[in-house]
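The values are calculated or read from the model by the stated rules, or taken from the named source; none is laboratory data. Everything quoted here is computed from the prediction, not taken from an experiment. With ideal geometry, Cβ positions are generated from the backbone for all residues, glycine too; neighbour counts draw on all protein chains shown.
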Amino acid sequence: MSLADFAAELPLVDHHVHGAFREPLSRAEFEVALNEGSPGPVPAGTTQFDSQLGFAVRRWCAPLLGLPAHAPADDYWDRRAGLDAMEVAERLLPAAGVDHWLVDTGYAAEKLLSPEELAVAAGGAAHRIVRLEALAESLAGSLAGQETGAAAYPDAYRDLLRTEARDAVGVKTVVAYRAGLDLDWSPPEPAAVREAAARWLAAAGPQPRLTDPVLLRFGVHCAVELGLPLQIHTGLGDRDLDLRRVDPLLLLDLLRQPAVARVPVMLLHCYPYHRAAGYLAQAFPNVHCDVGLAVNQVGARAPAVVAESMELAPFAKLLYSSDAFGPPELHVLGAVLWRRATASVAQSWVSAGDWSEPDARRVIAMIGRENALRAYRL
């Protein structure tokens, strides 16, 4: 069996993913969902199909909908639009070949298939990841307006986190979106947490959004107390994020803390800082990383990104993820492009005599599956 065939048949663990859309989309909505960088409409006279990701959709997803590879964008959309959302999901998702989905349900969950529904449509098992900021925002809704709400916040947050994490395999923070990673990462004092909670709850509207650095840090340190793997968004994201402030090297002061050293830290996405993330995975025994999301976005250039991610990071610290959100095309392409890129890179090293083929198979299995099974205790 060739390395390409071995990678193609390997059951994957997608250690960071979201649900697929449960409702049909217009073409404009679909194209916006393909454009990670901008939440706004695609500019007039352009199409998101004219991108590396758009070309990958036409190459790899068109045959799953009964069209030839590289079908024109209009033909692809016409075929897709003739199916309801569940038909699209059921045709596309199984092709990812994932048998464990680790699902972040903390954003736009009402628009997406639940973890259980995703598992039914795609095959495999689904596991929940708890988003720290979403918990805080749900708690703010119940505490706002209470005279003792701020004083109750620290214990109430810890209790809610423990409850929600009972059936979860990990937790996640999007502090990168809310305040950047260039923070004072020391655990905040209880009085500072109560004061920050008082400010936030007093200003909280019907849809509170947590951006206070003290409360964000507090949530991260509460999560560390649980001992579950801690996912941290770094690098690539949409326009709400300041890409200048999400280099994972900004986490050094957090990673050097003894309490944090006792939990697996999963650096998500990382691109364009994936080489820095590789250094952190090399330097800290508990740090892992991936290039999820970027692999989809760069399409045919995925081998270059995958190869760079494998320069410094120990192979036992690299994981596969798609970070797919919304269109099930993204769930499929994350897997297809990662398999092809990783097999291609490994084969080039085998052909050059730098790796043996048995080692290449072992590393592909580690990154695609075994490292996540170990780190998340699946």
Original post:
Does the range 201-209 include one or more residues that are surrounded by 15 or more Cβ atoms within 10 Å (Cβ to Cβ) and in a helix (DSSP H, G or I)?
Top reply: yes
Original post:
Which of the residues that make up the range 177-191 are of a type in the set (A, V, I, L, M) and either touching a residue at least 12 places away in the same chain (Cβ under 8 Å) or surrounded by 18 or more Cβ atoms within 10 Å (Cβ to Cβ) (or both)?
Top reply: 179, 181, 183
Original post:
Restricting the range 342-378 to residues that are of a type in the set (Gly, Ala, Ser) and over 19 Å from residue 289 (Cβ atoms), which is nearest to the chain's Cα centre (by Cα)?
Top reply: 343
Original post:
If you go through the range 256-277 one residue at a time, do you hit one that is surrounded by 24 or more Cβ atoms within 10 Å (Cβ to Cβ), in a helix (DSSP H, G or I) and more than 16 Å from the chain's Cα centre (by Cα)?
Top reply: no
**OP:** Six or more apart or on different chains, Cβ under 7 Å: which pairs go from a residue in the range 110-139 that's free of Cβ contacts under 8 Å to residues at least 24 places away in the same chain to one that's crowded, with 21+ Cβ neighbours inside 10 Å? Could you list them?
**Re:** 116/126; 119/101; 119/126; 139/157
**OP:** Just need a number here: residues in the range 288-321 that are in a loop (DSSP other than H, G, I, E, B), within 17 Å of residue 375 (Cβ to Cβ) and either modelled with pLDDT under 95 or touching a His at 6+ places or on another chain (Cβ under 8 Å) (or both).
**Re:** 6
**OP:** Determine, yes or no, whether residue 128 is within 18 Å of residue 233 (Cβ to Cβ) and modelled with pLDDT of 95 or more.
**Re:** yes
**OP:** Select from the range 6-39 the residues that are free of Cβ contacts under 8 Å to residues at least 40 places away in the same chain and in a loop (DSSP other than H, G, I, E, B) and write down the one among them that is farthest from the chain's Cα centre (by Cα).
**Re:** 26
**OP:** Determine whether the range 49-64 contains at least one residue that is surrounded by fewer than 17 Cβ atoms within 10 Å (Cβ to Cβ), among the small types (Gly, Ala, Ser) and not in a strand (DSSP E or B).
**Re:** no
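Matching residues to (1) of a type outside the set (A, V, I, L, M); (2) within 24 Å of residue 104 (Cα to Cα); (3) assigned by TED's automatic domain parsing to the domain that holds residue 260:
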{"position": "285", "(1), (2), (3)": "yes, no, yes"}
{"position": "291", "(1), (2), (3)": "no, yes, yes"}
{"position": "306", "(1), (2), (3)": "no, yes, yes"}
{"position": "333", "(1), (2), (3)": "no, yes, yes"}
{"position": "340", "(1), (2), (3)": "yes, no, yes"}
{"position": "346", "(1), (2), (3)": "no, no, yes"}
{"position": "356", "(1), (2), (3)": "yes, no, yes"}
{"position": "359", "(1), (2), (3)": "yes, no, yes"}
Original post:
Given 95, 109, 73, 89, which one is surrounded by 14 or more Cβ atoms within 10 Å (Cβ to Cβ) and touching a strand residue (DSSP E or B) at 6+ places or on another chain (Cβ under 7 Å)?
Top reply: 89
Original post:
Does the range 131-148 include one or more residues that are aliphatic (A, V, I, L, M), touching a Lys or Arg at 6+ places or on another chain (Cβ under 6 Å) and assigned by TED's automatic domain parsing to the domain that holds residue 233?
Top reply: no
